[in-house]
Each structure stands twice: as structure tokens, then as C-alpha cells.
Amino acid sequence: MIEGMQGIGMTSPRTRERMIKRLMEQGIGSLKVLDVMRNTPRHIFMDEALASRAYEDTALPIGYNQTISQPYIVAKMTELLLESTTGRLAKVLEIGTGCGYQTAILAQLVDHVYSVERIAPLQKKAKDHLWDLKLKNVSYLHNDGGWGWPEHAPYDGILVAAAPPEIPEMLLQQMTVGGVMVIPIGSGGDQRLQRVTRTESGYELEELEPVLFVPFLSGRK
């Protein structure tokens, strides 16, 4: 384990265990998701000045007007993605690498993650962190997330970490039949988490709880 990975004080395993207890109280029931989050050092994905707050149930800034999602949202979106299948997902598309924490959680639970990020410096830092964690089943693309990653489609799962006003058509087209997308939809303070399942005849939509994500922006930086 690299220096600083285990954590001390407010980043210690004991603090992480309190986070897991809180997630269970909030309704997260997947033991696989809880176990991966228990063993993944969230504090390494943020600036040292904020590391002591890593296991609080809050979103925190990571630069470039982006945030690392609160632990509950990471756990909930991962659980929603995984509970739709009895087996292990083979290919998952992640839109918004961000700091790489959600990527790290997914990489330990699916066969391969294809992660797209529009802000190059963020993705570079995320790659370094995942390399330190020895998570090598991730492919990275610096591009506009609205395009997805057609070259590797179709995907068994798609997880989107920013909120567009409506579901991007290109992402719908990249889902396999039976595949699931978890995505926040809406603008400003009026966003809801949605789960989309592709069927033989179209798409089924479940509207879930209110959320607050950064807006889904186009272009690259």
C-alpha cells in the first residue's frame, strides 16, 4: 500500500467504517458495494487540504468547477447499476471521470470501465490515482461525454456523473438490450436520478430521488 493510502486520523479505516455504517442507515444494501467503498481510500482523490473531510456525506470541490459526489450518491448509483443483473457486468461506460473515485469503485465491481472526461487535467490525475491503486481494467478517453465512446459499444451499463436536461440520444444508442443507464436529469435545483433499461422494443424509465449534480457540458478542455 502506497504512503498515505491507509489513512490516519480523519482519513483512517475507523473513519471509513463510520461512513459505511451511515451508508447502511441511508438504505444502501449491496454488500459488494459497501465492501468496495470500505476498502477504497476516498481521501487520495482530493486535495490534501480537503482530505480530512473525505468521509463526510457531502460533495467536495476537485477543481475546474467540478465536485466529487457524496459517498451516498456514489454508492446509490453503483447499486442501481449493479442490481439489474445477477451476473457481473462486462462493459460499463462512465461519463465524467472526474477525480476517479467513482471509476475506482466501478473498476472493482465490473470487468472493464470505459471512462470519458472532457477536462484533460482532471482525467490525468484520476489515471495516476487508479494506477496507484493497481486498477488497470479502465480505459480513458478525453472527449465530449455526450458522444459516449461508440468504438466500444454496446455497453451493459452506463453511469453518468453530470446532469443534462434530457438523456443524450447517443448514449441511448450505445446500450445493449438489457443494459442499464443511471443518470441525473434536470437543471439547477430541479434534478432527479433516473434509471433507464433498454428492452427489445425500446426503453423503460424509472424516476428516482432528487439529486444535485454539476451540469452536463459539451466540448473539451
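Of these, GLN194, GLN123, which one is assigned to a strand (DSSP E or B) and not small (Gly, Ala, Ser)?
Selected residue: GLN194, the only one of GLN194, GLN123 that is assigned to a strand (DSSP E or B) and not small (Gly, Ala, Ser).
Being surrounded by 12 or more Cβ atoms within 10 Å (Cβ to Cβ) and of a type in the set (D, E, K, R) is the filter here, so list the residues in region 196-208 that pass it.
ARG198, GLU206
Can you pull out the residues in region 135-163 that are surrounded by fewer than 22 Cβ atoms within 10 Å (Cβ to Cβ), aliphatic (A, V, I, L, M), in contact (Cβ under 8 Å) with a residue 60 or more places away in the chain and in contact with a strand residue (DSSP E or B) (Cβ under 7 Å, 6 or more places away or on another chain)?
Hit for region 135-163 is ALA162, nothing else.
Tell me whether region 47-66 contains one or more residues that are in contact with a Pro (Cβ under 9 Å, 6 or more places away or on another chain), part of a helix (DSSP H, G or I) and over 16 Å from ARG195 (Cβ atoms).
Filtering region 47-66 down to residues in contact with a Pro (Cβ under 9 Å, 6 or more places away or on another chain) leaves 47, 50, 54-58, 63-64.
From what is left, the residues that are part of a helix (DSSP H, G or I) are 50.
Then keep just the ones that are over 16 Å from ARG195 (Cβ atoms); that gives 50.
Within region 47-66, one or more residues are in contact with a Pro (Cβ under 9 Å, 6 or more places away or on another chain), part of a helix (DSSP H, G or I) and over 16 Å from ARG195 (Cβ atoms).
Is there a residue in region 88-108 that is of a type in the set (D, E, K, R) and part of a loop (DSSP other than H, G, I, E, B)?
Taking every residue of region 88-108 in turn, at least one turns out to be of a type in the set (D, E, K, R) and part of a loop (DSSP other than H, G, I, E, B).
Kindly list the number of the only condition in (1) assigned to a loop (DSSP other than H, G, I, E, B); (2) crowded, with 21+ Cβ neighbours inside 10 Å that fails for GLU166.
(2)
Out of all the residues in region 66-89, is one or more touching a residue at least 12 places away in the same chain (Cβ under 8 Å), more than 21 Å from VAL113 (Cβ to Cβ) and not aromatic (Phe, Trp, Tyr)?
no
TYR55 - would you say it is more than 20 Å from LEU135 (Cα to Cα), in contact with a Ser or Thr (Cβ under 9 Å, 6 or more places away or on another chain) and in contact (Cβ under 8 Å) with a residue 12 or more places away in the chain?
Taking the combined requirement at face value, the residue satisfies it.
Quick check on this structure: which one of ALA104, ALA90, ALA75 is surrounded by fewer than 17 Cβ atoms within 10 Å (Cβ to Cβ) and either within 19 Å of LYS32 (Cα to Cα) or in contact with a Lys or Arg (Cβ under 8 Å, 6 or more places away or on another chain) (or both)?
Of the residues listed, the single one that is surrounded by fewer than 17 Cβ atoms within 10 Å (Cβ to Cβ) and either within 19 Å of LYS32 (Cα to Cα) or in contact with a Lys or Arg (Cβ under 8 Å, 6 or more places away or on another chain) (or both) is ALA90.
Any read-out appearing in this document is the output of simple, stated calculations on the displayed coordinates, not a laboratory observation. This one's a predicted model, so the numbers in the text were calculated from it and none came from an experiment. A quick note on method: Cβ atoms are made from the backbone with ideal geometry, for glycine too, and the neighbour counts reach across all protein chains shown.
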